[in-house]
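Encoded as structure tokens, the structure appears first; notes follow it.
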Amino acid sequence: MENHINIEFKQTTVENLRAFSELLKKDVNTILEEALVQYFENEQKKLIEKGIEEDASMTNLDYNEFWDDLDLDE
């Protein structure tokens, strides 16, 4: 598997990376890795929440309303 990806940043992003690297005394790669980990976690939370919302929208009945009129005696 290829470990290299060609990434291009805007000049302002590069300047911010350099500035924060100096301020935080962190390598640019560390800053990018931390930022991406946080991004992936946030996006995963959004996807999970969206899935829960979509599941909940399948019915507007709560548990008791759904089963209330069901007659299981045969």
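The values are calculated or read from the model by the stated rules, or taken from the named source; none is laboratory data. Predicted model only: the values in this text are computed from it and were never measured. Heads up, the Cβs are rebuilt from the backbone with ideal geometry, glycines too, and the neighbour counts pull from every protein chain shown. Ligands, DNA and RNA are excluded from the accessible area calculation, which covers all protein heavy atoms including side chains. Shrake-Rupley method; radii C 1.70, N 1.55, O 1.52, S 1.80 Å.
Assorted remarks:
- Relative to the current alpha-carbon distance between residue 12 and residue 68, full extension at 0.36 nm per residue lengthens the span by 14.1 nm.
- List 14, 37, ordered by accessible area with a 1.4 Å probe, largest first: 37, 14
- If R0 equals 35 Å, the separation of the Cβ atoms of residue 53 and residue 31 corresponds to a calculated FRET efficiency of about 0.60.
- Net charge of neighbours whose Cβ lies under 15 Å from the Cβ of residue 47, counting Lys and Arg as +1 and Asp and Glu as -1: -3
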